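Visitor: Attaching a single structure in structure tokens format; questions to follow.
The values are calculated or read from the model by the stated rules, or taken from the named source; none is laboratory data. Quick caveat: nothing in here was measured; it's all calculated off a predicted structure. With ideal geometry, Cβ positions are generated from the backbone for all residues, glycine too; neighbour counts draw on all protein chains shown. Each accessible area value is taken on the protein alone, full model and side chains, heavy atoms only, with ligands, DNA and RNA left out. Shrake-Rupley method; radii C 1.70, N 1.55, O 1.52, S 1.80 Å.
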Amino acid sequence: MDFKLKIWRQKNRNDKGQFVDYEVKAVSPDASFLEMLDILNDTLVKKGEEPIAFDHDCREGICGSCGMVIDGRSHGPGRGIATCELRMRVFRDSDTIVAEPWRTKAFPILKDLIVDRTALDRIMAAGGYISSKTGGVPEANSIPVPKHDAEESMDAAACIGCGACVAACPNSSAMLFVAAKVSQFALLPQGKIERKERVLRMVEQMDKEGFGNCSNNYACEAECPKKISVTHIARLNREFIRAELT
Amino acid sequence: MTLDSKIPSGPIEKKWDTHRFNMKLVNPSNRRKYTVIMVGTGLAGASAAASLGELGYNVLAFSYHESPRRAHSIAAQGGINAPKNYSNDGDSIWRLFYDTVKGGDYRAREANVYRLAQVSGNIIDQCVAQGVPFARDYAGYLDNRSFGGAQVSRTFYARGQTGQQLLMGAYSALSRQINAGTVKFFPRREMLDLVIVNGQARGIICRDLVTGKIETYAANAVVLATGGYANTFYLSTMAKASNATALWRAYKKGAAFANPCFTQIHPTCIPQGGPYQSKLTLMSESLRNDGRIWVPKKKGETRKPQDIPEEERDYYLERMYPSFGNLVPRDVASRRAKEMCDKGFGVGSTGLAVYLDFADAISRLGKHVIEERYGNLCDMYHEITAEDPYTTPMRIYPAAHYTMGGLWVDYNLMSTIPGLFVGGEANFSDHGANRLGASALMQGLADGYFILPYTLGNYLASTKFDSVKTSDGAFKEAQSGIEDMIKRLMSINGKKTVEEFHRELGKVMWEFVGMGRNKTRLQQALKEIPQIREEFWKNVKVVGAANDLNAELERAGRVADFLELGELLALDALHREESCGGHFREEHQTEEGEALRNDKKFSYVAAWEFAGVGTKPVLNKEPLKFEYVKPSQRSYK
Ligand SMILES: Cc1cc2nc3c(=O)[nH]c(=O)nc-3n(C[C@H](O)[C@H](O)[C@H](O)COP(=O)(O)OP(=O)(O)OC[C@H]3O[C@@H](n4cnc5c(N)ncnc54)[C@H](O)[C@@H]3O)c2cc1C
Ligand code: SF4
Ligand code: FES
């Protein structure tokens, strides 16, 4: 398959950046989107040009490294997949494809399609944990957890921290990401002890990092590669109100 | 070089306790005066950094990733072992110890393996306390499954995302310490050299991957938890960036590299689709519980699998191993698949695949059962290949997956360089010549939560340290060495891309040092690898700038190291004139074609000592003694 590409190129944080046109030819429909970029990069390097910088690592949808807006959608067309899982067969031959980085104030662009998502790590550091000490914990089966709660907690814990929810949100809100963590712990007996401080501190850090507010747009859920449900946002809100009131 | 494994004396059950009692402690108020550098924050590194920080040490943690959560531990699917005996099926510390020593084909240290089995139960306690959402039964207790042919159900799991959940647990513990200020995390930093002062590991040289700046950091001790080196094969189930640079540069500074040829090839991966292929995806080996593996009886068969009648199919594993059938261990299943394809029976467009067929299971159990058991895997397969595994057999092929070898460490997980510790997949310690399923996660977390925090403390408490600053000569020298290497890479301006060299090396490694090894092929590899390396240093093209985010430059450094490590891997494989675990020498097999060990000559750890690039390294041997598990021959007929 042949494609025309419009790709965002930006030298560094301070550069203005612009779209640049490329063409790739004879790409196998089975190749992944990132492999298509590999092919393009290979030709660029051979010509002595700088290849397109993009984040990636596991290439199987679990590390959360990859991520770009493709044809206006976070992680491109298709539901429940990360950019690395996107295959070229979903496009039509000789399509023009537009790829650009996550665009939000809280994720400064480092180069081309690579952004800095360490804001998410700082939210985690603010309270995304249970303060258990190494070694100072009870026997595992002394904390039974109802199966249903464990399953729901796992649904939330499936978040890969890619930031697509933020990129998809018209307000650049990180609510789905934060809600997934708050929800995972709030559903477990181990997590209930610190639930109040956790939600307050994580939300405070989220605001500090410059993420926007949630206005129930739900674009996040639609673009989330792990299909994290917005019901977790509802739980986050309940946790937050509860914490503020008590 | 002398190899002192420092195994404590006494009965095996008491060794670790006795050792812990004998270790020196650092007074809590003095701990913050000690700085520890942690390179790598995957399962092993994140758990160690969090635990050391919590104890009060000053920890500097580095990763080339943007966040600890992106380490390749995240990709582990199957589960983690612990002999809790929740299933009441007769499991015990002793049984896990026994299974692991035997599974490793008697090439691991008994004392280490016993300790691993001993602390593995605590790992599950720890993870549950952290909020890891393990699978549970209807009463709310933890669920277990049997994995990788084990006869007991001792594997804990969180859907097909166990690695992700365990890493998130360790990362959250680490985040807590980052918040508390005991750990400082340096993202997007790649360690490029180890700094040794007066014979002790005292610091590292890093490249800031965003600005390209070369930085120096000093400490009292350095820990490497940098993962495995399976990407030497280019195509593997590893993440794209996984590399051996930290290990290799430490090796060149004097750390012995143990058993580099002990590599694991996983039998059930999605085969290569075309020349563009960038990595291989693992399909859980649980598929072999219900899938039947076959190839057409006719060479170069062109019919669709559905059109090939039953009598024209060769279910070769069932034919060769009537009792184990499709469930033979990883190494055996992998070798037979490659053999079939090499003989011309392979399927798919490349001829490098065999069928894994659910048709029988579906007609016996119904499609819904297969869907329930393997739905997510079938979806993943469909996503990648656009084929429906419920109606068309899956195509699978083996791929490089895990490396049992790594830097040599003693019982304290310290390498041959004082003050340099190694944890997780990066060390050679516990899996011998073959790793069993669900035991790498266990080992990484055992090292990080329960072993390194003690043994490092002991080292710090019992060592005299001179004051060291990054302005000292040793740092300057190492830094300029790295800067020179980068300059050299950038200035070659040849014709071939870094990726092309890596692919070329991978092809040689796979063909000649892969599953079936023999003297002629290994010698061929030892001839070709130095040639590729030589050409690399003359003809590689690295574009972009050194003082900028530059993925090509990052890769160039890593591939330069693979080009040296590949040679050592082949050399080790050539020297080990026996077959054991994942190391199969065709000259050494039983009449039935199974691995034939030579315990008389090779019951030792091969610890290689660097002697210069292109010069034969020095072989040091650590003899292995088996007092508790007596070596025997594996049989799966
Ligand atoms: C697909 C797959 C499935 C698996 N499934 C299972 C399973 O079900 N059960 C099981 O027990 N095991 C499994 N394994 C094996 C297991 O996941 C790994 O062995 C284990 O997670 C390795 O952990 P680690 O902490 O040693 O290394 P990693 O998780 O690889 O972490 C390495 C860290 O080091 C950093 N690093 C490396 N080099 C440098 C450098 N030079 N400078 C700075 N930082 C550096 C990286 O950034 C990263 O933080 C699987 C492996 C794969 C590939
Ligand atoms: S909630 Fe979904 S989109 Fe947001 S970071 Fe997590 S996985 Fe990505
Ligand atoms: S590269 Fe890991 S999720 Fe896409």
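Visitor: What residue among A:Ala106, A:Ala168, A:Ala53 shows peak mean-square fluctuation when chain A is described by a Gaussian network model with Cα springs under 10 Å?
Guide: A:Ala53
Visitor: While we're on this one: Using θ = phi - 60° and the Karplus curve 6.51 cos²θ - 1.76 cosθ + 1.60, what whole-Hz ³J(HN,Hα) does each residue of the range B:148-157 get, with Gly and Pro shown as x?
Guide: Once θ is set to phi - 60°, the couplings for the range B:148-157 become x, x, 5, 8, 10, 9, 10, 9, 8, 8 Hz.
Visitor: Something else now. Using alpha-carbon pairs under 8 Å, 6+ residues apart, how would you state the relative contact order of the range A:3-110 in percent?
Guide: 32 percent
Visitor: Give, in nm to one decimal, the length gained when the segment between A:Asp2 and A:Glu204 is fully stretched (0.36 nm per residue of separation minus the Cα-Cα distance).
Guide: Between A:Asp2 and A:Glu204, full extension yields 68.0 nm more.
Visitor: Which residue, chosen from B:Gln118, B:Gly481, B:Val613, occupies the Cα position most advanced towards the positive end of the dipole of chain B, where the dipole is computed from +1 (Lys, Arg) and -1 (Asp, Glu) charges on Cβ about the Cα centre?
Guide: The Cα lying farthest towards the positive end belongs to B:Gly481.
Visitor: Sticking with this one: Just to be sure I understand: if you take the accessible area of chain A alone plus chain B alone and subtract the pair, with a 1.4 Å probe, what total do you get in Å², rounded to 100?
Guide: Looking at A and B, the buried total is near 6000 Å².
Visitor: At a cut-off of 40 Å², which residues of the range A:112-143 become less accessible once all protein chains are present than in their chain alone, using a 1.4 Å probe?
Guide: SASA drop of 40 Å² or more in the range A:112-143: A:Asp121, A:Met124, A:Ala125, A:Tyr129, A:Ser132, A:Lys133, A:Thr134, A:Val137, A:Glu139, A:Ala140, A:Asn141.
Visitor: Next up: Could you list the GluC sites (Glu not before Pro) in the range B:545-627 that lie in coil according to DSSP, counting only those with at most 15 other Cβ atoms within 10 Å of their Cβ?
Guide: Within the range B:545-627, the qualifying GluC sites (Glu not before Pro) (loop, at most 15 other Cβ atoms within 10 Å) are B:Glu577, B:Glu586, B:Glu587, B:Glu591, B:Glu592, B:Glu627.
Visitor: Residue farthest toward the positive end of the dipole of the range B:267-400, with Cβ of Lys/Arg at +1 and Asp/Glu at -1: which of B:Leu287, B:Tyr316, B:Ile370?
Guide: Checked the options; the winner is B:Tyr316.
Visitor: Kindly report the accessible area of the range B:17-119 per residue (heavy atoms of protein chains, probe 1.4 Å, no ligands, DNA or RNA), in Å².
Guide: 32 Å²
Visitor: What part of the accessible area of the protein assembly as shown, given as a whole %, is carbon or sulfur when the probe is 1.4 angstrom?
Guide: Roughly 50 percent of what the probe reaches on the protein assembly as shown is carbon or sulfur.
Visitor: Here is a further query. Averaged per residue, what accessible surface does the range B:267-400 expose to a 1.4 Å probe, in Å²?
Guide: That works out to 41 Å² per residue.
Visitor: Right, next: What does the accessible area of B:Thr497 come to, in Å² to the nearest 10, when a probe of 1.4 Å is used?
Guide: The accessible area comes out at roughly 0 Å².
Visitor: Please give the FRET efficiency for B:Asp4 paired with B:Asn598, using the beta carbon to beta carbon distance and R0 = 30 Å, rounded to the nearest 0.05.
Guide: 0.75
Visitor: How large is ³J(HN,Hα) for each residue in the range B:621-637, as worked out from phi by the Karplus curve 6.51 cos²θ - 1.76 cosθ + 1.60 (θ = phi - 60°), to whole Hz, x for Gly and Pro?
Guide: Running phi through 6.51 cos²θ - 1.76 cosθ + 1.60 with θ = phi - 60° gives 10, 10, x, 9, 10, 10, 8, 10, 10, 7, x, 9, 8, 6, 8, 10, 4 Hz.
Visitor: Give the lysines reachable from B:Lys469 as a straight Cα distance under 17 Å; neighbours fewer than 8 places away on the same chain don't count.
Guide: B:Lys33
Visitor: Taking H as built 1.01 Å from N, whose amide H comes closer than 5 Å to the amide H of A:Asn217, not counting residues under 5 places away?
Guide: Those qualifying (amide H under 5 Å, at least 5 residues apart or on another chain) number zero.
Visitor: Determine one quarter of the surface area of the Cα convex hull of the protein assembly as shown, which equals its mean projected area, and express it in nm² to one decimal.
Guide: Mean shadow area of the hull around the Cα atoms is 34.2 nm².
Visitor: Could you give the size of the charge dipole of chain A about its Cα centre, using +1 on the Cβ of each K and R and -1 on the Cβ of each D and E, expressed in debye and rounded to the nearest 20?
Guide: 580 debye
Visitor: Decide, for the range A:68-142, between rounded, prolate and oblate: order the square roots of the alpha carbon gyration tensor eigenvalues as a ≥ b ≥ c, take rounded if a/c falls under 1.5, and otherwise choose prolate if a/b is larger than b/c, else oblate.
Guide: oblate
Visitor: In nm, give the distance between the simple-model label positions of B:Asp307 and B:Ala611, each being 7 Å from the Cα along the Cα-to-Cβ direction.
Guide: 6.0 nm
Visitor: Using the reciprocal of the averaged 1/r over all distinct C-alpha pairs, how large is the Kirkwood radius of the range B:1-98 in Å?
Guide: 17.2 Å
Visitor: About the Cα centre of chain B, what is the dipole size in debye to 20, counting +1 per Lys and Arg Cβ and -1 per Asp and Glu Cβ, all else neutral?
Guide: Magnitude of the dipole: close to 1060 debye.
Visitor: Still on this structure: For the range B:295-335, what is the per residue volume of the convex hull drawn over the alpha-carbon atoms, in cubic angstrom?
Guide: Considering the Cα atoms of the range B:295-335, their hull volume per residue is 88 Å³.
Visitor: If amide H atoms are built 1.01 Å from N in the plane of the peptide, which residues on other chains or at least 5 residues away come under 5 Å of the amide H of B:Asn620?
Guide: B:Ala607, B:Trp608, B:Glu609
Visitor: Under a straight-distance cross-link criterion of Cα-Cα below 17 Å, which lysines are reachable from A:Lys226, leaving out those fewer than 8 residues away in the same chain?
Guide: Qualifying lysines at Cα under 17 Å: A:Lys181.
Visitor: What is the Cα convex hull volume of chain B when expressed per residue in Å³?
Guide: 152 Å³
Visitor: Report, in cubic angstrom per residue, the convex hull volume of the C-alpha atoms of the range A:3-110.
Guide: Taking only Cα atoms, the range A:3-110 has a hull volume of 108 Å³ per residue.
Visitor: ³J(HN,Hα) across the range A:62-73 via Karplus (A = 6.51, B = -1.76, C = 1.60, θ = phi - 60°), whole Hz, x for Gly/Pro?
Guide: Along the range A:62-73, the couplings run 10, 7, x, 6, 6, x, 7, 8, 10, 6, x, 10 Hz.
Visitor: Rank A:Pro77, A:Pro101, A:Pro51 by mean-square fluctuation in a GNM of chain A with C-alpha springs under 10 angstrom and give only the top-ranked residue.
Guide: A:Pro51
Visitor: Of all DSSP beta bridges located in the protein assembly as shown, what percent are antiparallel, nearest 5?
Guide: Antiparallel bridges make up about 70 percent of those DSSP assigns within the protein assembly as shown.
Visitor: Expressed in whole Å with the largest first, what are the equivalent ellipsoid semi-axes of the range B:473-622 derived from the C-alpha gyration tensor as the square root of 5 times each eigenvalue?
Guide: In descending order, the three semi-axes are 35, 19, 11 Å.
Visitor: Any idea which of B:Met38, B:Thr226, B:Ser9 is furthest toward the positive side of the dipole for the protein assembly as shown, if Lys and Arg beta-carbons carry +1 and Asp and Glu beta-carbons -1?
Guide: B:Ser9
Visitor: What figure in square angstrom, to the nearest 10, would you give for the accessible area of A:Cys220 with a 1.4 Å probe?
Guide: 20 Å²
Visitor: Apply the a/c threshold of 1.5 to the C-alpha gyration tensor of the range B:267-400 and tell me whether it is rounded, prolate or oblate.
Guide: Rounded.
Visitor: Then there's this: How high is the relative contact order of the range B:267-400? Use alpha-carbon pairs under 8 Å, at least six apart in sequence, and give a whole percent.
Guide: The value is 34 percent.
Visitor: Okay, next question. From the C-alpha coordinates alone, can you work out the Kirkwood hydrodynamic radius of the range B:223-292, in Å?
Guide: Computed over the range B:223-292, the radius equals 14.3 Å.
Visitor: If each of B:Glu627 and B:Asp484 carries a label point 7 Å out from its Cα toward its Cβ, how far apart are those two points in nm?
Guide: With each label point 7 Å from Cα toward Cβ, the separation is 4.8 nm.
Visitor: In debye, nearest 20, what is the charge dipole magnitude of the range B:473-622 about its Cα centre with +1 on Lys and Arg Cβ and -1 on Asp and Glu Cβ, if you could check?
Guide: It works out to roughly 360 debye.
Visitor: Counting only protein chains, not ligands or nucleic acids, how are B:Tyr138, B:Tyr171 ordered by accessible area (probe 1.4 Å), most first?
Guide: B:Tyr138, B:Tyr171
Visitor: Amide H of A:Leu110 versus every other amide H placed in the peptide plane: which residues, excluding those fewer than 5 positions away on the same chain, fall under 5 Å?
Guide: Excluding prolines and chain starts, which carry no amide H, the hits are A:Val115, A:Asp116.
Visitor: Okay, next question. Say each of B:Ser635 and B:Tyr390 gets a label point 7 Å from the Cα, pointing the same way as Cα to Cβ; how far apart are those two points in nm?
Guide: The two pseudo-label positions are separated by 4.3 nm.
Visitor: Got the relative contact order for chain B handy, in percent, Cα pairs under 8 Å and 6 or more residues apart?
Guide: 20 percent
Visitor: Follow-up. State the Cα centre-to-centre distance between the range B:1-20 and the range B:188-239 in whole Å.
Guide: 29 Å
Visitor: Just to make sure I understand: if all protein chains stay in place, what is the order of B:Phe584, B:Phe465 by accessible area at 1.4 Å, largest first?
Guide: Putting B:Phe584, B:Phe465 in descending order of accessible area: B:Phe465, B:Phe584.
Visitor: Hey, can you find the accessible area per residue of the range B:561-618 for me, probe 1.4 Å, expressed in square angstrom?
Guide: Using a 1.4 Å probe on heavy atoms only, each residue of the range B:561-618 averages 36 Å².
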